[in-house]
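S.K.: Can you keep this structure in mind? I'll have questions shortly.
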Amino acid sequence: MEFLQPYLPVIFTVLRVLAIISLIHAVVTRQQLYWMFLLGFGALLGSVFGLIGTLAYVFLVLVPALRSGGRRAGRAVQSGLEAIKPLDTRIREAQDRLGESDTLAHRADLAALLARAGRAAEAQATLDPLLRGIYTDDPVVLLTSAELDLARQQPAQAEERLSRVDLKTSAATRTRTLTLLAQAQAAQGKPDADATYREAMTAATTEEPRARYAAYLAAQGRGAEARAVLDAMAKTEAKATNLYRRQEREWFGLAADVRRELK
């Protein structure tokens, strides 16, 4: 083993980098808590115990995940990291990406961010080129268009667009579609909104459906039901990692606002 001694610092550095990457993956994909602790020891403390745990995670979880769905796992990690950034920063970066390469993904991403920032006119101008031609029925375009329709108080048009989205595209697409659909139905006073919110909450990829459902229940005068949803969210927040709390801070914040209104 003496021949390895000169290389030990490099080996430990590589293992700590692996621990950080694995910890991000574990948080974003919501792995068991014992993995979080093991990887945390490796990433933050560089302990031998944690680094051994890192190797176990890499071979038992990360490598199989990359083999079975590498692109999906990569997108999950990237989206988790992106969600932490301030909205203005994400908009500037999206504008830079669109300037470098005018693609469907870059244009739709920028339009969605502008819509979330309340800049509906800019979002519409960004999206308009996609609404004419082969991308009209693309799920990304339909979702972004529906979000803009809701911002312009046109829920019926939003509902029509959302009915054309294939919910089998991905879990994230399903969650986003059903959440927007419930909002559109609620804005029209349709009783279907309740069931749609519940469906959106099933296997959701974000806390948004639960937060919006709690707000919907509170607005309907169903305080006890709203509190039950808020209590479940509070338990999730208490157990969540700092990364997940930052990623979902908008929806945990909405839940806190609803809770204050109910008091």
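S.K.: Of all residues in the range 121-171, count the ones that are basic (K, R) and crowded, with 20+ Cβ neighbours inside 10 Å. Steps first, answer last, please.
M.R.: At the first step, the residues of the range 121-171 found to be basic (K, R) are 132, 152, 161, 164, 168.
Next, only the ones that are crowded, with 20+ Cβ neighbours inside 10 Å stay: 161.
Count: 1.
S.K.: Which ones in the range 196-255 are of a type in the set (D, E, K, R), open to solvent by less than 40 Å² (accessible area, probe 1.4 Å) and part of a helix (DSSP H, G or I)?
M.R.: We begin by selecting, within the range 196-255, every residue of a type in the set (D, E, K, R); these are 198-199, 207-208, 210, 212, 222, 225, 227, 231, 235, 237, 239, 245-246, 248-250.
Now narrow it down to the ones that are open to solvent by less than 40 Å² (accessible area, probe 1.4 Å): 207-208, 248.
Correct list: E208 only.
S.K.: Let me ask you something else. Checking the condition under 28 Å from D109 (Cα atoms), without any contact (Cβ under 8 Å) to a residue 12 or more places away in the chain and of a type in the set (D, E), which residue from E248, E160 passes? Talk me through it step by step, then tell me what you get.
M.R.: Values: E248 fails: without any contact (Cβ under 8 Å) to a residue 12 or more places away in the chain.
Of E248, E160, the one residue that is under 28 Å from D109 (Cα atoms), without any contact (Cβ under 8 Å) to a residue 12 or more places away in the chain and of a type in the set (D, E) is E160.
S.K.: Return the pairs, sorted by first residue and then second, in which the second residue is of a type outside the set (D, E, K, R) and part of a loop (DSSP other than H, G, I, E, B), the first residue lies in the range 176-191 and is buried (at least 17 other Cβ atoms within 10 Å of the Cβ), the beta carbons are less than 7 Å apart, and the residues are 6+ apart or on different chains.
M.R.: T177/V165; T177/L167
S.K.: Looking for whichever is in contact with a Lys or Arg (Cβ under 9 Å, 6 or more places away or on another chain) and among the basic types (K, R) here; the options are R222, R198, R174, R212. Which one fits?
M.R.: Details: R222 fails: in contact with a Lys or Arg (Cβ under 9 Å, 6 or more places away or on another chain); R198 fails: in contact with a Lys or Arg (Cβ under 9 Å, 6 or more places away or on another chain); R212 fails: in contact with a Lys or Arg (Cβ under 9 Å, 6 or more places away or on another chain).
Only one candidate passes the filter, namely R174.
S.K.: Sticking with this structure for a sec: Looking at H25 and the list (1) assigned to a helix (DSSP H, G or I); (2) within 24 Å of A171 (Cα to Cα); (3) at pLDDT below 75, which single condition is not satisfied?
M.R.: It is condition (3) that H25 fails.
The values are calculated or read from the model by the stated rules, or taken from the named source; none is laboratory data. The shown structure was predicted, so the numbers you read here are calculated from the model rather than taken from an experiment. Backbone-built Cβ (ideal geometry, glycine too); neighbour counts: all protein chains shown. Please note that ligands, DNA and RNA were not included when accessible areas were found on the heavy atoms of the full protein model with its side chains. Shrake-Rupley method; radii C 1.70, N 1.55, O 1.52, S 1.80 Å.
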